[in-house]
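Report on the following structure.
The numbers here are math on the coordinates, done by the rules we state, and not lab data. Note that the structure is a prediction, hence the values are computed from the model and not measured.
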Amino acid sequence: MKKLISLFALALAALAGSAQAADTAPTAQQSKMGMCNKDAGDKKGDERKAFMKECLSAKPAAPAASGTPQQMRMKQCNVDAKDKKGDERKAFMKECLSNKS
C-alpha cells in the first residue's frame with residue numbers, strides 16, 4: 001500500500017512539473033508587453049497609457065539585416081566584453097545592456 005501511495009504521489013508530482021514547465025515560455029504578446037513596458041520608462045498616467053497603446057498596437061517592423069536595436073546593442077556589448085570572464089563579464093553586460101545610448 002505504501003508503494004502504491006508513493007508511486008501515485010510521484011506520478012502526480014511529475015504531471016504537475018511538466019504542466020508548469022510548459023507555461024514558462026512567454027508568448028509573443030507577453031514579450032512585446034515586456035518590451036513596451038521597459039521602453040515606457042518613467043512615463044505616468046495618460047502619457048504612459050498613450051505610449052503603451054501605440055507601442056502594443058504597432059506592427060513589428062520588417063526584419064532588418066542588422067536586427068532590432070536590442071539585438072544590435074547585444075552584439076556590440078558582446079564584442080566589447082570579449083576579454084571579460086565570470087562575474088566581471090556579467091556585471092559589464094548588465095551595465096552595457098541597460099544603457100540606452
Extension gain Ala28-Ser6, at 0.36 nm per residue separation less the Cα-Cα distance, in nm? 4.0 nm
Whole-Hz ³J(HN,Hα) from phi, Karplus 6.51 cos²θ - 1.76 cosθ + 1.60, for the range 24-31, glycine and proline x: 7, 6, x, 6, 4, 5, 5, 5
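Contour minus end-to-end for Ala58 and Ala13, with contour as 0.36 nm per residue of separation and end-to-end as the Cα-Cα distance? Before the final figure, lay out each step's value.
Details: separation 45, 0.36 × 45 = 16.20 nm, distance 4.15 nm.
Taking Ala58 through Ala13 to full extension adds about 12.0 nm, to one decimal.
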